Amino acid sequence: MKRKGRRPMSAAAKAAHKEWTLDVISSAFTCEGHRFFSHACDGPYDAAHILPKRFLKDATLGWDEDKALTVIFDKRNGLCLCRAAHNVWDGPYCPVVWEQLPDEVVSFATEHGMLWKLEKMYPPKDDVAA
């Protein structure tokens, strides 16, 4: 029978995820979502990927694990968000536009040849208003 669900994470991946989460949350200690859209903060903070982790995993498939984990858990691609903001961010109607993105994530995406994905996910303000 074919197994369904998530693949188990390696010890290295668990360690990288934990370190990334602590780094992202400790860099803000507050919900950074208010910079992007108004919402009522509702609980604990999460480390959230700007470019989705699923995309990064697919993009680094076949890479050496250490190099892939460095990309997947790069702090420049993370924000500290409350659960409500994280749900909006990951939802189908994310209101964030290109002009709001931190320079660090644009640098990250450019460095790894993923700028096209960032541009696709976060259109310019003028395109959204049209």
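The values are calculated or read from the model by the stated rules, or taken from the named source; none is laboratory data. Since the model is a prediction, treat every value here as computed from it, not as a measurement. Cβ sites come from the backbone with ideal geometry, for glycine too, and all protein chains shown count toward neighbours. Accessible surface is based on the protein model in full, side chains and every heavy atom, while ligands, DNA and RNA are left aside. Shrake-Rupley method; radii C 1.70, N 1.55, O 1.52, S 1.80 Å.
Here is how the number arises for the chain: DSSP H runs of 4 or more residues each give -39500 (n - 2.57), the sum is divided by the residue count, and the result at 222 nm is -13000 deg cm²/dmol.
Between helix 11-26 and the chain there is an angle of about 20 degrees, using the helix long axis and the longest principal axis of the Cα atoms. Computed as a quarter of the hull surface, the mean projected area of the alpha carbon convex hull for the chain stands at 9.6 nm². Loop-located chymotrypsin sites (Phe, Trp or Tyr not before Pro) across the stretch 63-130 with a Cβ neighbour count of 14 or fewer within 10 Å are 63, 93, with loop assigned by DSSP.
Expressed as a whole percent, the accessible area of the chain that falls on carbon and sulfur atoms is 54 (1.4 Å probe).
With a/c under 1.5 counting as rounded, go ahead and sort the stretch 10-61 into rounded, prolate or oblate using the C-alpha gyration tensor (a ≥ b ≥ c being the square roots of the eigenvalues; past the cut-off, prolate if a/b is larger than b/c, else oblate). Oblate, because a/c is 1.5 or more while a/b does not exceed b/c. Isolated cysteines of the chain, defined as having no other cysteine beta carbon under 4.7 Å away, are 80, 94. Under the rule a/c < 1.5 gives rounded, and otherwise a/b versus b/c splits prolate from oblate, where does the stretch 75-130 land using the Cα gyration tensor? Here the stretch 75-130 falls in the oblate category.
Leaving out ligands and nucleic acids, and using a 1.4 Å probe, what accessible area per residue does the chain come to in Å²?
64 Å²
Summing charges over neighbours of residue 29, with a neighbour being any other residue whose Cβ is under 14 Å away from its Cβ, gives -3 when K and R count +1 and D and E count -1.
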